[in-house]
Amino acid sequence: MIRTFFRRYKLFLYNVTSAAVVLTLGDFCVQTLYDKKKTLDEKRLFAACITGAAMGIEGHVWYGFLDRIIAQATWRNSLKKVICDQTVAAPIYTVTYIMGTSILEGRTSFGQLKSDMKENFVPLYLADCVIFIPVQMINFRYIPAYYRVPFMFMVSFIFNMFLSAYKHTHEEHAK
């Protein structure tokens with residue numbers, strides 16, 4: 001029964017786990033190397049982990065959907081997928097990251113969440129476009145569907161460190 005479960009949901013579990021681990025590891029690196037914290041902010045790491053898992057679920061569903069509606073891996077279809085990805089999924093990922101980490105770190109009032117969105121959405125979304133348009137062209141053209149979400153989260157490891165550093169630097173200034 002357990003073996004059947006893992007066999008059936010292996011890709012889903014792989015996508016969610018890889019996203020959670022990579023986002024958490026990115027925040028860990030920012031806290032230790034960039035912020036030079038003596039003690040880790042465990043609440044922030046937990047927020048990164050849970051938000052990463054949510055983004056892994058989004059990625060699993062999104063890439064499955066894209067592969068169903070635009071199947072063949074040609075340059076033209078890759079461009080179509082990138083346009084869809086950057087106009088639909090990237091804003092959702094950005095909102096998920098900002099809201100997920102903010103809420104899980106205890107910033108739950110409407111005013112705080114609105115402020116976090118206003119301050120972080122445009123710069124993070126624009127950075128996402130600059131980094132991920134070329135990466136997604138490679139992803140959609142050459143990476144097999146099974147490895148798309150893990151590939152994206154491995155590539156986005158450095159971007160995740162930027163996300164964490166950018167968002168938390170701005171939160172520190174707001175305090």
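The values are calculated or read from the model by the stated rules, or taken from the named source; none is laboratory data. Model, not experiment: these values are computed from the prediction. Glycine also receives a Cβ, built like all others from the backbone with ideal geometry; neighbour counts cover every protein chain displayed. These area figures cover heavy atoms from the full protein model, side chains too; ligands, DNA and RNA do not enter into them. Shrake-Rupley method; radii C 1.70, N 1.55, O 1.52, S 1.80 Å.
Enumerate the pairs (first residue in the range 153-175 and more than 21 Å from Lys43 (Cβ to Cβ); second residue anywhere and buried (at least 20 other Cβ atoms within 10 Å of the Cβ) and at pLDDT 75 or above) with beta-carbon separation below 6 Å, excluding pairs fewer than 6 apart on the same chain, so at least 6 apart or on different chains. Partner pairs satisfying both residue conditions: Phe153/Ser18; Phe153/Ala19; Phe153/Val22; Phe157/Val22; Phe157/Gly26.
Restrict the check to the range 72-79 and report whether at least one residue is open to solvent by 50 Å² or more (accessible area, probe 1.4 Å), within 21 Å of Ser156 (Cα to Cα), in contact (Cβ under 8 Å) with a residue 40 or more places away in the chain and of a type outside the set (Val, Ile, Thr). Looking for residues that are open to solvent by 50 Å² or more (accessible area, probe 1.4 Å), within 21 Å of Ser156 (Cα to Cα), in contact (Cβ under 8 Å) with a residue 40 or more places away in the chain and of a type outside the set (Val, Ile, Thr), one finds at least one in the range 72-79, hence yes.
For every residue, the table says whether it meets (1) small (Gly, Ala, Ser); (2) without any contact (Cβ under 8 Å) to a residue 12 or more places away in the chain; (3) buried (at least 18 other Cβ atoms within 10 Å of the Cβ); (4) not in a helix (DSSP H, G or I).
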position	(1), (2), (3), (4)
Phe6	no, yes, no, no
Ala20	yes, no, yes, no
Asp27	no, no, yes, no
Thr32	no, yes, no, no
Lys36	no, yes, no, yes
Lys43	no, no, no, no
Gly52	yes, no, yes, no
Ile57	no, no, no, no
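Is there any pair with a first residue in the range 131-147 that is more than 11 Å from Lys81 (Cβ to Cβ) and free of Cβ contacts under 8 Å to residues at least 24 places away in the same chain and a second that is of a type in the set (A, V, I, L, M) and surrounded by 15 or more Cβ atoms within 10 Å (Cβ to Cβ) whose Cβ atoms are under 8 Å apart and which are 6 or more apart or on different chains, and what are they? Going by the 8 Å Cβ cut-off, the qualifying pairs are Val135/Met152; Val135/Val155.
Residues of the range 153-164 being more than 17 Å from Arg107 (Cβ to Cβ), surrounded by 13 or more Cβ atoms within 10 Å (Cβ to Cβ) and at pLDDT 80 or above, which ones? Val155, Ser156, Phe157, Phe159, Asn160, Met161, Phe162 - these are the residues of the range 153-164 that are more than 17 Å from Arg107 (Cβ to Cβ), surrounded by 13 or more Cβ atoms within 10 Å (Cβ to Cβ) and at pLDDT 80 or above.
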